Structures are given as C-alpha cells and as structure tokens.
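As structure tokens, the structure follows; a few thoughts come after it.
Read the figures in this text as sums done on the coordinates, not as results from a lab. These numbers were taken from a predicted model, which means no experiment stands behind them. Here Cβ is always computed from backbone atoms with ideal geometry, including for glycine, and neighbour counts include all displayed protein chains.
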Amino acid sequence: MHFALPPRKTSKPPPYLPRSTRLPGLRKTRLKLVALVALVFLALIFLVTQPSSSRHSAPVQRVPRGDPPVVLVTVLDEGKYGRSLTKSVVENRLQYAEKHGYKTLIAKVGDYDLKGAPFTWTAVVAMRHALTKYPDCRYVWFLDSSGFIMNPKLKIEEHVMRPSRLDELMKKDFPVVPPDSIIKTFSHLKGQDVDLVLTQDKGGLSSGSLIVRNGEWAKFFLETWFDPLYRSYNFQKAETHALEHIVQWHPTILARMAIIDQRVINSYSNGDKEAEYKDGDLAVRFPQCPAAGVEACEAETESFVQAWRRAFADS
Amino acid sequence: MSLSRSPSPVPGGGWASPGLNIASGRSSPIPGFTGSTTTPVKWESSRLKRGFGSGYPSFETKNQSFFGRHMRRFSSGLPRFNTSRHYADKEKLGRGRWSVHSVPLLGRIQSIMGRMGRRTKIRLLILLIILLSIYIFYNSPLVYHWRRSLWLGGGQKFVIILGANVGGGVMDWKGAREWAIERDSVRNKKKYVARWGYDLEIVDMSTKKRYAHEWRESWEKVDFVRTTLRKYPKAEWVWWLDLTTVIMEPSYSLQDHIFNHLEKHVYRDINEYNPLNITHPFTDVFLDAESQSPVGDGKASSINLILSQDCSGFNLGSFFVRRSIWTDRLLDIWWDPVAYEQKHMEWEHKEQDALEQLYISQPWIRKHTAFLPQRMINSFPKGACADKGIDPRIHYNEKDRDFLVSMAGCEWGRDCWGEMYSFRELSYYLNRTWWERFKEDFLALIWFKLTGQKVKF
C-alpha cells in the first residue's frame, strides 16, 4: 500500500520566481487599498452627483451694470400742454441727460395701446419700456411733462439714491396717504433695500416724479401697477390712485418704497412752504397746469423756463 | 504513551484517547499508538471495532464524511451534562447544570472564530454585510432619515398641504361619508409622507367668520401656503392637495417623478395645451425679450409655480409652489380687492380664476409659471370633465399607473366617497406585494380550480 507521491522537484530550478502579476506595483495588499480608495471615491461621486432639487436653486439676480446710470422718462401730451412748453421740456431733458451721461425715453400719449384707459397711464408703460430699452440702467426717473429739471449739477444717484443719503431722506413709519392713513411706511427699511422713491403732496402720493431702481422688483411693480383691472376700474385720478391702492394693499410693494420730502425731487411752483420751489432744488412741477389751460400754463412756466436755461448755460 | 502531536486545544477536547481514533478531528493519517513502545491500552470498544485486535491499524482516511470530520467540533459545541465539577460545590443548587453556561458567550464565539478558516471568515463577513445593507436600506428606520435629510434624500424640501374639513363648521354637518373621505385621504397622505420623508400639513378649510364675512372667502389657500412656508423653513416646494385626492402610486417619490428632471416634464409654452385660448406669448413692444419669450428664460431654476390644466383651464386641486421672492409677491398680489370687486360675479372658482387673470395680464407671472401634463399630478376620474368622453390627457388610466387622482367636482352631484373608495382599493390592488400576488393570483386560483371554492388567504 503506498500513497501517491508529489511529483519530484525539478533539479534545475528557474533562477527567479515568475512574476505573480504583470504590474509588480499592484500587489495583493496594495490592490486592496486601491479598491478601497476607489470605492470611497465612487461613493463620494454618487453623493455629490445625486440629482436633487437643490440644483435648481434660486437664480442669481442679474445686477445691472449702470450703463447708463439713469434713464429719464417723460410722457408728452401736446394737446394738453401746448407745443412750445413741450418743446422746452424735451430740450430740458436732453440737456440734463447729456450733461451726466444719462439716457432719455420720451414717449407721447398714444404711443402705447392702453385698451381704453386714460392717457395718463402711458407713464407706467413708458417706465416699463425704459427698463426694456436700457436693461443695464440703474435707475429710472419719471418726471411728467409739466416739470423741469432746474439744477443741472445734482445727480440722481448721488442726490437721492445713494443708500446713506436715502437713509437720511426717507420718512419712516409715516402714513402713506396724507392725513392719517393706517398704512404706514416700514420703520426698519434700509436705504439699500429701497426700490421705489416717491413723494407726497397734499392730495396723497404724487406720481408726477418718482424714481425706480432697475431689477426684478421694478418689473413686478410696474407690471402690477399696469394691471388691466386697475385700468378699467375708473379710479378718480387714474394711475395715481391705482398706485395708492397697490401700495396700501400689498406689503411686498410697500416694503420697497420710500417716501421722501417733496422738494428733493418734486418741488411745486406754488403751494405749501414744504412744497414750494426754492433756488437750487432739483426739479419743479406745475400741479395746476394742465387743468388751467395752455395759455395759463405757458405764462406760469415762462420764468422757470428762462431760469433753467440760464442755469444749464452757466454750469 | 507518546503522542505524535500536542493535545487538541478544543475546549473539552481533552487528551487523545487511545483507540478512539475518530475523535482526533484532524485529517492526517496518524500512524497511531501502535507504533509506541509501551503496551497499548486497548479498550473494549476499540477492540470490537477493529475486529478483535489484528494488531495492525487498518488504513482509514479520516476524511470520510463531513460529519466524521467535524464531529468533534459539533459535539464539543453541544451542551454537556457536567458532573465533574468542583467537589466542594456538591450541595449547591445548580450543580449538574448544562455546562455550556459556564463557558462565557464571548469565549465560545472566540473559539468558534478561532477554529474557522480565514476564507470562511471572509465569506461570512460578506454575507453579513449584504444582509445588513438589505436591512438598512429597505427596512430600518434609517431609510426614513436618509430620505428626509437635506443633502441625501432631500425629503425635507417638500411639504404637502392637505386642505381638510372643506366647508365644515358653518356650511353643513359632516356625515359619515365626509368623515370617511377625510380619514381615507389623510391616511393616504400620511403613508406617502412617512415613506418618503416629506412633511404633511393638514389645514382646516372650514368656513370661518374671518373669511365668510368678507370678500376673502376661499382665499384661505393663499394664506395657508404662506403660513406653511413660514412653519417649515427648510421646505423648498409646497404641494397643495385638495381633500378628495388619492395618491395612487405611493412608490413614486416627488423627486423621481417630477423634480429631478423638472425641465423635461413641464411645458411652459401654454400653446401646447391651451383650453382657455390665452394669447401667448406677449407681444407688447414695451416688454423685454424674456417676457416676450414663450418659455421665460427656459431654465428649470426659474420655475416657481407648477400646476396643471384640465378641460376648462387651470386646476388648483394639486399644484406646487416654490419658496422664493417671486412666490411672496404672487401670494401677496393674488387677492386684490379691486380685482375682486370687478370680477367676483364671474369668478366661480375664486382663487383659480384670479390666478388665470393674473397669468393672462402679468408678464412677471408668466415668466415663472410652468405646467405639468395633467395626468402627472392630477388625473381625473371618468366623472370629471366628462362632456367629451374619455380624454387621454385628462382621465386616469390604470395601465399607465398615474400618480394621483383628484375627484374634482365630485361634490356637485357625484359620489365622492364612492369614487374615493374605489380608487383606494384600486391603488391597493395595483401595489400588491409579490407575496400577495402569489397568494391571490396563483394559490387562490389553483384552489378554485381544484375545489371550486373561492378563498382568501
């Protein structure tokens, strides 16, 4: 009885052991390490590339470059204001714009289809149009056609819209509609968050001179203001009352609005002490003008037209 | 007696007994004790086994069988009745107990592990890992937290608002059917939410004085969306659901079903399906290119409101709103007294019509609104939108496994509870487990063939 013996060893052993693998670097122990690292790596990739809705995070808002810094918007109504006054207004805007490198958007009533709403609504569309035409502008200043820019030295972005300046100017916790509205402007609003600057006169908010900062909010605000249901509602003062309405009913708008002293951007040719124009004010408006008739208007504006021409020639 | 090897370390193994060669447990053919010089001690049993002491050890491979090889291990692992304990313990209780308890568990495991081959150990380990992962990923509560966590599953980003108790309180009494509808609907949503780690907010839609007295009736939706966004600060999407809805396929997660590939599923150009004949896009000169574009900026990131359209326009029975500044504005503008005063006679569906009106007139709304094909989030039963028969864009089809059914308008002359019930049962039926299928489709069928009796297991 015998057992199978293992085969004999060769008497000529090979000089070297054969390689265990092609790549000597990849030995068994290292292979394990490599596999482990690869596994961890793959797990990381899985976690990172996992589709989740966080990919669709809120888009970064486009910040306008500030070119031009300001667009001046005016709506002309020759029928109401007369030809010579209108011409003077256009010159006034163009000269001021040229001086500071601003752009202008001068619209005429009837330029836009308002679907039967009063022509004064053109102001709102014109501002919206300005945002479209100059997507990189920083501010839009609407000054209606019964107003002149009197002080060419003042720049909008310095005189009004600089955040620190706005902090001083804006009236906080202040009734939105003059006598004693229960809706008041926000008391914790910061200058840098303001997107809409306007003034009040005796009758309420004034939509004759206002500044809007370009951005998504501005589009939202102007489009909401222009809502067909507001236009068809027959507000007594059309777009002015619509503005008062949305400001008081919609906190998202009120939260971005600052009311400032009237004389900063909206002095009146005659009126209260706080409202009346004094030399050096930025702009002057004639609140009685279109109602009084073309001749009366021209007579009233005469001295101011001369004054702004002088001021612009001097500077 | 000389031993050719050291005594076995197996606990209880003891010394190799002469003549009992099966006990060695090792497979090497040991020449054995016969070669020893001293007189061998022959035990009776071994003598019998060897056929009366031939004196020569017969050759036996000790590898005869699995049991033969491992017998010692098994036997030593078995509990033993131990009588040879310390003699001083004689009178104590517990003597003669099963002595396995005397070897500590850890020691036993250690010894088992020690005897195990390396390869077996690895195999066991892999098996263990697989079993553990199956448990963790499919059964343990960990799944819930995984799915819920913000950066793994992302379930916390979704909140479902369920409008319960519609018209309760003032308008009418809740009968048994209304209670049943509510109970079923809530259970359906709760299950879904528990499965995917979302949040559920059940809101009370009962007619309150706050709303009933003024114009604001039925604008609660807006207020509830707003409060919900405030209550769940981590939520990104809020999903509004009416009470009379049933989630038919709880296995669909919102992420998989819609949000992972949002841009693929939605359509933003309303001309694709336009029952209201809304002129789209805007062509006014004063609008910018993005507002005039039929699809806004075309990116999924700009979608803030997702809804579906049924046969007669927008349907707010099931819609999504995303947390964003835009949404704040929408929720703020949605209800406006001037609009309401002019339109409340025409607006039968209140907030739904108001939204249509906003969509029609406001470019900033259109830019951020998207529509899902109705059957992705809001299939209708046969009774709703029934004027033109079954429409494959609108009505539920069980073959396609639609996600959600909304019994829209069932309170107007249809049987809400009946529809809810039948869809609930259909959902259970469609989502049976394989075991239930096996029992019901196979065993019960065979039983029926054999005995002619229908049974339920």
Run down the lysines and flag those whose C-alpha is under 18 Å from the C-alpha of residue B:234, throwing out any fewer than 8 positions away in its chain.
B:157
What order do you get for A:286-295, B:181-190 when each peptide is scored by the mean count of other beta carbon atoms within 10 Å, highest first?
B:181-190, A:286-295
Where nothing but the Cβ of Lys and Arg (+1) and of Asp and Glu (-1) is charged, how large is the charge dipole of chain A around its Cα centre, in debye to the nearest 20?
3920
Within 10 Å of each Cβ in peptide A:226-239, how many partner chain Cβ atoms are there on average? Round it to a whole number, please.
3
Residue by residue through B:280-292, how many Cβ atoms from other chains fall within 10 Å of the Cβ on average?
4
Give me a single rounded figure for A:126-132: the average over its residues of other chain Cβ atoms within 10 Å of their Cβ.
4
Could you list A:170, B:420 in order of exposure, starting from the residue whose Cβ has the fewest other Cβ atoms within 10 Å?
A:170, B:420
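Highest first, please rank the peptides B:342-352, A:180-190 by the mean number of other Cβ atoms sitting within 10 Å of their residues.
Working: B:342-352: 14.5, A:180-190: 12.7.
Sorting B:342-352, A:180-190 by mean packing, highest first, produces B:342-352, A:180-190.
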Return the subset of A:219/B:264; A:103/A:133; A:219/B:367 for which the Cα-Cα distance in this structure is over 19 Å, preserving the input order.
A:219/B:264
Table column - 3J(HN,Hα) (Hz), region B:250-265, Karplus curve with 6.51, -1.76, 1.60, x for Gly and Pro:
x, 7, 7, 8, 4, 4, 5, 6, 10, 7, 5, 10, 4, 5, 7, 7
Can you check what the net charge comes to around residue B:295, using other residues whose Cβ is under 15 Å from the Cβ of residue B:295 (Lys, Arg +1; Asp, Glu -1)?
-1
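Distance check, please: which entries in A:115/A:153; B:189/B:399; B:190/B:221; A:190/A:273; A:108/A:171; A:87/B:343 exceed 31 angstrom between their Cα atoms?
Going by Cα-Cα distance, A:115/A:153; A:108/A:171; A:87/B:343 fall outside the 31 Å limit.
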Where Rh is the Kirkwood radius over the Cα pairs of chain A, the temperature 4 °C and the viscosity 1.567 mPa s, what D in µm²/s does Stokes-Einstein return?
55
Please list the non-local residues whose amide H lies under 5 Å from the amide H of residue B:161, H modeled 1.01 Å from N, same-chain partners needing a gap of 5 or more.
B:201, B:239, B:240, B:241
Name the residue farthest towards the positive end of the dipole of region B:147-431 from the options B:260, B:320, B:352, assuming +1 on Cβ of Lys and Arg, -1 on Cβ of Asp and Glu, about the Cα centre.
B:260
Translational diffusion of region B:147-431, µm² s⁻¹ [Kirkwood Rh, Cα pairs; Stokes-Einstein; 25 °C; 0.890 mPa s]:
125
Going by amide H atoms built from the backbone, whose H comes under 5 Å of the H on residue A:214, apart from near neighbours?
A:139, A:140
Which of the peptides B:254-263, B:267-276, A:73-82 is most tightly packed, and how do the rest follow, judged by the mean count of other Cβ atoms within 10 Å per residue?
A:73-82, B:254-263, B:267-276
